[in-house]
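So the structure is just underneath, and the comments pick up after that.
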Amino acid sequence: MAGWLDRFVSSQSDPVLLLSGVVGMAGLAVLVALAVRRILRRVDPAVLEGQSKLAEAVHGGLLAFAIFVLALVLTDVRANFGRADDAALREASVLARLDRDLARAADSPAAPQAAEARAALKRYGRAVAEFEWKALAEPAPRLSEEAGQRLAELVAAVRRLPPGEAAGLAGLLDKAEELRQGRLESATKSVPALFWEVIALFLFGAMVMNGRHTLDRFGLGLICLHMGAIGMVVALILAMDSPFRGETSVSPAAIVRAVGEG
């Protein structure tokens, strides 16, 4: 995605983004249709009339292909968003179990080490919410160094517990690290540029074909309604393409609550 478009999507609210998609797509469709109509005025009307059935088939085919690809992309983006949201909840559950086990260890002879590990867990939760989410929302998503350092501190603190206590927590730590890597996988799964190129080509072709109709107020209104609806779907895909970016995004609130910071 172009840098300016990515910044626009990240900085705008969902209603503004959807409205921009509607207005932008409808306005572009009207401009293209008017330009094509002006060119077609030089063509013999009889020729246009003779090719009306073919033009209708081409127009319908272009729109059908564009809508089909958009539906595939929207389904994939929605599924990826749902997986990222579910993974965040699973990670919160793992951290909550780790916090409970460390709290239970506070009543054992290893109380000082358990308290230290629990404090490290809270610092890790804060770092995830404050730094990791911002890093995952960047155009080139990444895991934050701050959260990585806090996780390393947590692992070191747990290993300082007595062997029996540390062994029981090792599995939870491994699961937490695995889910952290999974966040990066979800963040980097975006719509390939080739898909956008194909969609743009189909939509532009459909806009060109709109120019063969009489462009009175009613005709222009229909074009705006039709292409504006498609523009809203495109904006919806952009809003959900990165699960950690923008107003519609996976929240770190569950992780913050899991470590007792919420």
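Each reported figure results from applying straightforward, stated rules to the coordinates on display, with no laboratory input. The structure presented is a predicted model; accordingly, all values stated were derived computationally and were not measured. Reconstructed Cβ throughout: ideal geometry from the backbone, glycine too, with neighbour counts over all protein chains shown.
Charges on Cβ only, +1 for Lys and Arg, -1 for Asp and Glu, centred on the Cα centroid of the chain; of Leu17, Ala167, Ala35, which one is farthest towards the dipole's positive end?
Ala35
Sorted by mean Cβ packing within 10 Å, highest first, what order do the peptides 138-147, 193-202 take? Walk me through the numbers before you get to the answer.
Numbers: 138-147: 15.8, 193-202: 14.1.
Ranked from most to least packed, the peptides come out as 138-147, 193-202.
Rounded to the nearest Å, what's the spacing between the alpha carbon centres of the range 6-27 and the range 164-187? Just the number, please.
Cα centroid of the range 6-27 versus Cα centroid of the range 164-187: 37 Å apart.
Once you charge only the Cβ atoms, +1 for Lys and Arg and -1 for Asp and Glu, what is the size of the charge dipole of the chain about its Cα centre, to the nearest 20 debye?
On the way: 29 positive and 29 negative charges, 85 e Å.
The calculated dipole for the chain is roughly 400 debye.
When ranked by the protection proxy of mean other Cβ atoms within 10 Å per residue, highest first, what sequence do the peptides 95-104, 122-131, 63-72 form?
Details: 95-104: 18.2, 122-131: 20.7, 63-72: 15.5.
Ranked by mean Cβ neighbours within 10 Å, highest first: 122-131, 95-104, 63-72.
Amide H of Gly260: which non-local residues (sequence gap of 5 or more, or other chain) have their own amide H closer than 5 Å, using H built in the peptide plane?
The list, which skips near neighbours in sequence, is empty: none.
Suppose R0 equals 41 Å; then what is the FRET efficiency for Asp85 and Arg160 from their Cβ-Cβ distance, rounded to the nearest 0.05?
Values: r = 34 Å, r/R0 = 0.83.
E between Asp85 and Arg160, to the nearest 0.05, is 0.75.
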